[in-house]
Structure formats: C-alpha cells, structure tokens
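The values are calculated or read from the model by the stated rules, or taken from the named source; none is laboratory data. The structure displayed is predicted, hence computed values, not measured ones. In this analysis, Cβ positions are derived from the backbone assuming ideal geometry, glycine residues included, and neighbour counts consider all displayed protein chains. Just the protein is used for accessible areas: all its heavy atoms, side chains included, with ligands, DNA and RNA removed. Shrake-Rupley method; radii C 1.70, N 1.55, O 1.52, S 1.80 Å.
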Amino acid sequence: MEFEMKERYDFGDLIRVLKILRAPGGCPWDMAQNHHSIRQNFIEETYEVIEAIDNEDKELLKEELGDVMLQVFFHAEIESENNSFDINDVTDNVCRKLIIRHPHVFADKSAENVEEALDNWNAVKMKTKAQKTQTDVLNSVSKALPSLMRSQKLQQKAAKVGFDWESVDGALDKLKEEVAELEEAISENDSSHMQEELGDVLFSAVNIARFINADAENVLYNACEKFISRFSKMEQIARENNIVMDGASLETLDGLWEQAKK
C-alpha cells in the first residue's frame, strides 16, 4: 500500500498509517491486536498523559496525547474492519453528546454557574441513558475505574439525593466505627470478615476526602511520594551511620524512620 511521506501529517494520515500497519504485508504485531490485547496499553498511555500534566511538561504532554489518540484510532480501526463503525462515527457521536448535554449553550436552558451547568449535564445524561432510578445512576459509574476514584464518584452521586452526612464530623465518626469493626474482625481471625471491614474503612476514608474537597486518588498518590522520599532519607541516614538495613531490628528501623521524618 502506497503512502506519501510528508513534512506534517494530519488525522487522515493517522488512519492511513493504521490501515497500512494492519493490512496484509503490514506489521505482524499490529495485525495481531484486538480490543482486549491492547486494553492495558490504553490505561498505561492515559496515566502517562496524567504524569506529563503533573510535571507541567508540554512537550511530553504533546507526545503522550498522541499516544492516547493512537489508542482511540486503533480501537476504531478494528471496528472499521468489522464494518461496525469507524473514527468518523466516533467523532459524530461525541459531537452529538456534547450538543445534547449542553442545553444551556445549544438550546433554551440556562446555567449561571458551574453547578447549574453540571446539573444540566447530569439531567440530560440520566434521560439519554434511560436511568430511571438513583441505583441506575450508581451502576453507571464504570467498574473499570480505580477503586478510590469509583468510591468518590459513587459517594458524590449518593450525596446529590441527600444521602450524606451534614458535616465531616459524621464521616469521621463513621470511619472510627469502621476501624473498631475491623479490629473486632482481626481479633476473630476471620479472613473474609477482615477483608470486608477493611473495605469499609477505605470507603469511609474516601468519604472524608470528599468532605475536605480533596481527590482521594491524588491524596494517596501524594502519600506514596512522601513515603518514597522519607524511605530514601532513611537509607541515607543508615549509610551515614554504617547501618545495614537488611537484617536490622524493627526498633532500629523505626529510629531511622523518625530521623527521616525530622
């Protein structure tokens, strides 16, 4: 299949490149892929976009957005080969969705602030998705989301209909209650019960994040980064004091950790 080399390529060129790669005589790897085999690639590329955003690296962001775009086009091309839909159908669908869900821009609804705009969006979404009950709304939250993100979205949607604490105090009390139930399950040495109660503790902790206007996923991300930073300092202190961490007592390691925190 012929392809013209250019100084600058566009959307149409990306489609043509994919078709060449997946056509007979193309790339064996690209030809062998299906939706499921490249599913993880999509997830990884999305997180790499997030990392570029967090680092405020515009050149990397440009590159990683291209990688995500490739995944979108790849999945669309697979369906195009099956005569199901193509990238133009995907574009048509998202344009229609944006127009329908913004009645305050493209129709006669009004929205004076962000909250009213979101209310319009959610009302149209509920109608177009045939969501008749609030349980339908909860079930619409993707099960493929990271569990912290999914928990927070579920709680936000439940709060919309008044199923919520009046303040963070109620959420804190609930967390303490769940911790007590986890302690009881641990004392019973019941594996399934321990896991269930631990899940309740995590879910309750996410609820507190919502009350303090924090993103639970981001909060835990920052906690991970803080742990790595302190562990690195801990190793440095151990080296400076000729302490071999592997095999050192827990008391020694705790002492190093406290020094690292300071």
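Pairs Lys6/Lys58; Lys58/Lys132; Lys174/Lys226; Lys127/Lys176; Lys62/Lys262; Lys97/Lys153: which exceed 32 Å Cα-Cα? Check vs 32 Å cut-off fails for Lys58/Lys132; Lys127/Lys176; Lys62/Lys262.
In the context of the full set of protein chains, region 113-199 has a per residue accessible area of 70 Å² (1.4 Å probe). Could you point to the label whose value was computed as Rg/Rh (Cα atoms, Kirkwood Rh) for the structure here, given [x] 0.95; [y] 0.99; [z] 1.06? Only one option fits the structure, namely [z]. What longest range of the chain stays clear of loop-exposed GluC sites (Glu not before Pro) (DSSP non-H/G/I/E/B, at most 12 other C-beta within 10 angstrom)? Looking at the chain, 167-262 is the longest stretch - no exposed GluC sites (Glu not before Pro) with at most 12 other Cβ atoms within 10 Å.
Largest first, the residues Arg230, Arg22 sort by 1.4 Å accessible area into Arg230, Arg22. Computed with every protein chain present, the accessible area of Lys125 is close to 60 Å² [probe 1.4 Å].
Between the Cα long axis of helix 58-81 and the first principal axis of the chain there is an angle of about 60°, rounded to the nearest 10.
For the chain, the relative contact order is 9 percent, taking Cα pairs closer than 8 Å that sit 6 or more residues apart in sequence and dividing their mean separation by the residue count. Of the chymotrypsin sites (Phe, Trp or Tyr not before Pro) found in region 20-104, those that fall in a DSSP loop while having at most 14 other beta-carbon atoms within 10 Å are Phe85. Short to long, the 10 Å bins of the Cα pair-distance histogram for region 1-123 hold 11, 28, 32, 21, 7, 1 percent of all pairs. Each 5 Å bin from 0 upward holds the following percent of the Cα-Cα pairs of region 205-262: 4, 18, 21, 16, 11, 11, 10, 6, 3, 0.
Under a model in which nothing but the beta-carbon of Lys, Arg (+1) and Asp, Glu (-1) is charged, region 140-242 shows a dipole of about 760 debye around its Cα centre. In plain terms, the C-alpha convex hull of region 70-174 casts an average shadow of 9.6 nm² when viewed from every direction. One quarter of the surface of the convex hull around the alpha-carbon atoms of region 1-65 equals 5.5 nm², the direction-averaged projected area.
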